[in-house]
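Read the structure below first, then the notes.
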Amino acid sequence: MMTMPRPHAERTDGGAWMRSPEPHPLWVIAGIENGTPYSMRAYAAALAAGLAEHGVASRRITCRLPGRRRGTMTARVWSLGAVRYLLYPMRAARARGPGVRLVLDQANAHVGWFGGPGPRVVVVHDLHSLVPPPLVGGWGTMIGHLRVALSRMLKGPAIRHASLLLAVSRATRAHLIDDLGIAPERVRVAEPGVDHRIFRPGDRAAARRALALEPGVPIVLNVAAREPRKNEAFLLTAFTSLRERIPDARLVCVGREVTPEVRRTLAVRGLASAVSYAGEVDVEDLVRYYRAADVLAHPTRAEGSSLVALEAMAVGCPVVASRLPALIEVCGDAAELVPPDEPAHFAAALHAVLSDPERRRTLVGAGRSVAARATWSAWVDQVLAACAEVAADVPVTVRTACSRPS
């Protein structure tokens, strides 16, 4: 066994990895497979396609929650402890070998530590897991604080000590620098994209027929997981206000199941027949929902970026969203942006889009222009260039055999 210095890698695009003398596979820590939301599956799919296009050898360290559905109590308990903080790191420990560790989500930054020494690149979407949840009482708050404590203990140091951090927006980069004290030179911005082969305009009437949605009825779409920051209660309040102006409006929520508490809220407000919950859907139906909708309601309280907004704009669905730094960055003037704590103003913005055809056409055109500039190939190039850069800064160990994952 001998070691030799590694020549400096080029840093211009994803091809830098191929021009680098790095002989080892890129180890991809993609997250818990059936516990990731749509956005993370999009990142993983884009990376897989990019690696294949560039011919980059890779090994993927994955783990699955028990059961098939995300969001069940069993899945939540396992995700809280056994899977994320025990089984997944153990799998990474078994997959030791030389090469760069690429972590696609800061929620799994700690897993990269268990794959042995070496450079690590972490894609950071946001810092929500390191911020305490609101003090709203109940078991949810207790579990939330426990998750934050575990994140600060394990994920925080892993993020701080990564070789390089790739923030998905300038807003997230600013949070890393200001809140975690990361040196600016260690944080780059790699903005996500849209798969324009999938997310593209289509026949609205056909989409509604396929989804069994009424023709001619104004449809407000919401795409979000069940998290407090997604502002579901705010959305229902704003929609209640909207119905006072447009009584036949319908709200369709994709990405989460309806809960008994929400059912009671809908019954009290007389919205039981006006609001439907589609749960998790495949990507083909997700595109149909974007096409079928008249407007996307995105009243989130915190985001690092927003694939949902980008995808909606790419399909031609106008967006009404929260006025947050990350969403201002993503949407610019191509969306109606409203403070996420004023339901009446949010309802007024929805009403303006639904009732003003000219305003709708303007938003659709601007949104498609914004989304057209967001490509996954550019994101993959930036990721692989970062991996090549950190690989260039460590020596190569020449071995007769490399350890491989089981």
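The values are calculated or read from the model by the stated rules, or taken from the named source; none is laboratory data. Note that this is a predicted model, so its numbers are computed, not measured. Glycine gets a Cβ as well: all are built from the backbone with ideal geometry, and neighbour counts include every protein chain shown.
Worth a mention:
- When we screen Ser169, Ser163 for residues that are closer than 24 Å to Arg368 by Cα and not assigned by TED's automatic domain parsing to the domain that holds Leu307, the only hit is Ser169.
- The single condition among (1) outside any helix (DSSP H, G or I); (2) small (Gly, Ala, Ser); (3) free of Cβ contacts under 8 Å to residues at least 24 places away in the same chain that Ala267 does not satisfy is (1).
- Among the residues of the range 392-403, those identified as among the aliphatic types (A, V, I, L, M) and either closer than 20 Å to Arg96 by Cβ or modelled with pLDDT of 90 or more (or both) are Val394, Val396, Val398, Ala401.
- At least 3 residues being among the aliphatic types (A, V, I, L, M) and at pLDDT 95 or above is the threshold, and among the strands (runs of 3 or more DSSP E) wholly inside the range 292-391 those reaching it are 295-298, 319-322.
- Any chance Ala385 is surrounded by 15 or more Cβ atoms within 10 Å (Cβ to Cβ), touching a His at 6+ places or on another chain (Cβ under 8 Å), in contact (Cβ under 8 Å) with a residue 24 or more places away in the chain and assigned by TED's automatic domain parsing to the domain that holds Gly55: no
- Scanning the range 250-286 for residues that are of a type in the set (A, V, I, L, M) and in contact with a helix residue (DSSP H, G or I) (Cβ under 6 Å, 6 or more places away or on another chain), we see that the one that is farthest from Ala309 (Cα to Cα) is Ala272.
- Test result for Val287, surrounded by 17 or more Cβ atoms within 10 Å (Cβ to Cβ), in contact with a Phe, Trp or Tyr (Cβ under 9 Å, 6 or more places away or on another chain), modelled with pLDDT of 95 or more and not in a loop (DSSP other than H, G, I, E, B): yes
- Across the range 324-358, the qualifying residues are those that are of a type in the set (Val, Ile, Thr) and over 17 Å from Phe234 (Cα atoms), and the one among them that is surrounded by the most Cβ atoms within 10 Å (Cβ to Cβ) is Val330.
- Here Ser273 meets the list (1) of a type in the set (Ser, Thr, Tyr); (2) buried (at least 24 other Cβ atoms within 10 Å of the Cβ); (3) assigned to a loop (DSSP other than H, G, I, E, B) almost entirely, failing just condition (2).
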